[in-house]
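To start, the structure under review is shown below, and the notes come after it.
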Amino acid sequence: MERKYKLVTASALCAGLLALTLPQAIAQQGRGAAEKGKEGLPGWLNADPAVRDVPLRDPMLLYAAGGLDGRVAVIGVPSMRTYRHIECGVDLHENLFSGLPAGNKNGSPDGKYMYVNDKGANTICELNLQTGMMERIIALPFPFGVHHITLSKDGKTLFGTGEYSGKMSKTDIATGKTEIIDWGPAPSAPDYLDASKDGKYVFAGNYYHSTVGVFSTSPFKLIKEIPVGKNPHGVDAIPEGTLVLVSDKLSATMTIIDTEKLAVKKVLPTCAGPLHSVMDVYNKDGAAYRPGIDSPEGLTSKYAYESCFVADANVKVDLKKLEVVDEIPTHYRTGHIAISADNSYVFALNKFSTGLFSPTGIVYPVNFEMWDAREKSPTYGKTLKITPVDGEPHNAKSLHAYQVKDWTRGEAEREALLKPGMTPALDPSHRAHIKRYYIPKSDAPPGVRMVDGVKEVHIKAFSYGYIPRQVRVNKGDKVRLFATNIDKAAGITKNPDVTMGLVIYGPYGLRTNMDLPRGVTSVHEFTAEIAGEYEIFCSHFCGPLHLEMRGTFFVDDPKAGPSNLEVGEYAQAQKLPGLLEEGQLTIAERVKSQ
């Protein structure tokens, strides 16, 4: 019997518009061949095989931190069309809307700004949503290594985790002034964090401690550590503020923390490789929450959705019963996860697209997958759209399109976010002061050697690490860095299309930011002119132990002796030469607790 494919309406806001589509080229994808119907479409996908258009105006927008491509993508929902990319820096991780953090992970946006942290450059970028351009970069003190940020209750402060220093940060948005505190003992790797809804605490996972640290916001200090599952990843407060959900990556559980008792309430088995969670959010009348229209008071939630990297799935958790009630397959290896502003759609930000798309070069595409979360929909649980995206998908947040003014109709002219005189539109360099190229896969042994006055560094990358793990060069050395991915498939998950990355964070993030596909060797040439100790990390999510891919790049000044976290030219490093023109960077002043 021939299978029929139904048209999928976008949402209540765009009912009656044309259906979502998928090119029939997807019929060539390798996985799931047994599921395909006569039209060549896989059974897990709800789509119309005809070539049709999609809505040109979307009721929602999804802003996505693009990881190693250094850009924020603006994507229409539900069309899943990419509207634009906004240049920011090197390796973007967490993005937050300005306004208030009330509600779910999308917060209560005021439609003015978005903040995104750059792990590769150790900065926080400020984007003007109304102009669609970047206005400011806050360069954080070194050494730090910002992995993730979260917004304070009043929307005036950003808290951050220093994955590469074992430290935590508190940054005043208006001035950029930043307080840094230690989180020992070593090894310490603060990871993801979220602020409590009452403004009292910040909850942060420590990847190496396998704990969640509870920090008071004023004064900013650690008050206790709560043991959780092994290698916690996502740490997410629900809209009611009563619970924090912790994704225990290597324990296959969700640890649920009671925010009043500051203790574990329940440990819930969820899935293989849980990484992150999002929740739906409703106003006090039980309807989908509309920031700027509804009061942010009395918000509630019904379900949380957690990504399962190893299981190729998203699980649905009933927040009243605290149990898993559904599992939705994804394609493939979901890392971060997002939800639309109206609760209708969940987005799996997938790290692999094995067999799904036509090849376009030596670096394989990744994808965003939108599935139907509406329980009463005939396509509930089905993938509605799956689209390739640039970079390495990190986090994404959604807001209603009505919050961004239409300049062509004069709406924004009346409420413009233009500064008196001139509003900056910054254009950062993505890769600066380097020469880069590819050569056939190198069989040269790993190590450092001098060749014709150039210090050649040969690094082998594998699941999950680098050889050598530590590299030392001298200030002023011309460096030729050869990096080779020697894996045949991703460790544990066995994906054959694994691409790895190599970034030396900070001032060398702009010079490295290397893509390491299989079969070739990536080569970058640059001068090491800023002394210090800088972490090496993998910028492509290559598998479940991706965060373990670490190394260290030391630039020694013969006059000062061997570099370490205390000895280095960190004031110069904070200027990030090559990122912006002189005077365009906000250098964050290090301050002490008041």
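Only one residue in LYS261, LYS221 is assigned to a strand (DSSP E or B) and either over 24 Å from ALA189 (Cα atoms) or of a type in the set (Lys, Arg) (or both), so which one is that? Checking each option against the conditions leaves just LYS221.
Assess whether LYS177 counts as being open to solvent by 40 Å² or more (accessible area, probe 1.4 Å) and touching a residue at least 24 places away in the same chain (Cβ under 8 Å). For LYS177, the condition - open to solvent by 40 Å² or more (accessible area, probe 1.4 Å) and touching a residue at least 24 places away in the same chain (Cβ under 8 Å) - is met. Test ALA272 against the criterion of being among the aliphatic types (A, V, I, L, M) and either assigned to a loop (DSSP other than H, G, I, E, B) or open to solvent by 20 Å² or more (accessible area, probe 1.4 Å) (or both), and give yes or no. So ALA272 fits the description; yes.
Against the criterion of being modelled with pLDDT of 95 or more and open to solvent by 10 Å² or more (accessible area, probe 1.4 Å), LEU100 qualifies.
Out of everything in the range 527-539 that is touching a Lys or Arg at 6+ places or on another chain (Cβ under 7 Å) and open to solvent by less than 10 Å² (accessible area, probe 1.4 Å), what residue ends up being nearest to TYR570 (Cα to Cα)? So the residue we want is ALA531. Can you tell me how many residues within the range 373-386 are of a type outside the set (Phe, Trp, Tyr) and surrounded by fewer than 17 Cβ atoms within 10 Å (Cβ to Cβ)? Looking only at that region, the number is 5. Could you pull out the residue among PRO517, PRO507, PRO428 that is more than 25 Å from LEU547 (Cα to Cα), open to solvent by less than 30 Å² (accessible area, probe 1.4 Å) and under 22 Å from the mean Cα position of the chain (by Cα)? The unique qualifying residue is PRO428. Just to be sure, is VAL278 touching a Lys or Arg at 6+ places or on another chain (Cβ under 8 Å), hydrophobic (A, V, I, L, M, F, W, C), under 26 Å from ASN350 (Cα atoms) and assigned to a strand (DSSP E or B)? Judged against the criteria, VAL278 is a match. Scan the range 509-521 for residues that are out of contact with any Phe, Trp or Tyr (no Cβ under 6 Å at 6 or more places or on another chain), within 13 Å of ARG436 (Cβ to Cβ) and not acidic (Asp, Glu) and the total you get is 5.
Which strands (runs of 3 or more DSSP E) does the range 429-496 wholly contain that include 2 or more residues that are β-branched (Val, Ile, Thr)? Talk me through it step by step, then tell me what you get.
Numbers: elements: 435-440, 447-451, 454-462, 465-467, 470-474, 477-485.
Output list reads 447-451, 454-462, 470-474, 477-485.
Within the set VAL310, VAL324, VAL317, the sole residue that is open to solvent by 10 Å² or more (accessible area, probe 1.4 Å), out of contact with any Asp or Glu (no Cβ under 6 Å at 6 or more places or on another chain) and assigned to a strand (DSSP E or B) turns out to be VAL324. Each residue in the range 464-491 was checked for being open to solvent by 30 Å² or more (accessible area, probe 1.4 Å), at pLDDT below 95 and farther than 19 Å from ILE362 by Cβ, and 1 pass.
Restricting attention to the range 193-212, the residues being assigned to a strand (DSSP E or B) and either in contact with a Lys or Arg (Cβ under 8 Å, 6 or more places away or on another chain) or open to solvent by 10 Å² or more (accessible area, probe 1.4 Å) (or both) number 4. Condition first: outside any loop (DSSP other than H, G, I, E, B) and open to solvent by 10 Å² or more (accessible area, probe 1.4 Å). Now tell me which residues in the range 152-174 satisfy that. The answer is THR157, LYS167, LYS170, ASP172. Within the range 277-294, take every residue that is over 14 Å from MET60 (Cβ atoms) and among the hydroxyl-bearing types (Ser, Thr, Tyr) and give me the one that is farthest from the chain's Cα centre (by Cα). That would be TYR282. For the range 131-150, a residue qualifies if it is more than 18 Å from HIS233 (Cα to Cα) and buried (at least 21 other Cβ atoms within 10 Å of the Cβ), and the qualifying residues are MET134, ILE137, ILE138, ALA139, LEU140, PRO141, PHE142, PRO143, PHE144.
Residue check: is THR360 touching a strand residue (DSSP E or B) at 6+ places or on another chain (Cβ under 9 Å), in contact (Cβ under 8 Å) with a residue 60 or more places away in the chain and either among the polar types (S, T, N, Q) or within 18 Å of MET60 (Cα to Cα) (or both)? If you could, list the steps in order and put the result at the bottom.
Details: touching a strand residue (DSSP E or B) at 6+ places or on another chain (Cβ under 9 Å): yes; in contact (Cβ under 8 Å) with a residue 60 or more places away in the chain: no; either among the polar types (S, T, N, Q) or within 18 Å of MET60 (Cα to Cα) (or both): yes.
So THR360 does not fit the description; no.
The values are calculated or read from the model by the stated rules, or taken from the named source; none is laboratory data. Quantities reported herein were computed from a predicted structural model and do not represent experimental measurements. Cβ coordinates were reconstructed from backbone atoms using ideal geometry, including for glycine residues, and neighbour counts include every protein chain displayed. With ligands, DNA and RNA removed, areas are computed over all heavy atoms of the protein, side chains included. Shrake-Rupley method; radii C 1.70, N 1.55, O 1.52, S 1.80 Å.
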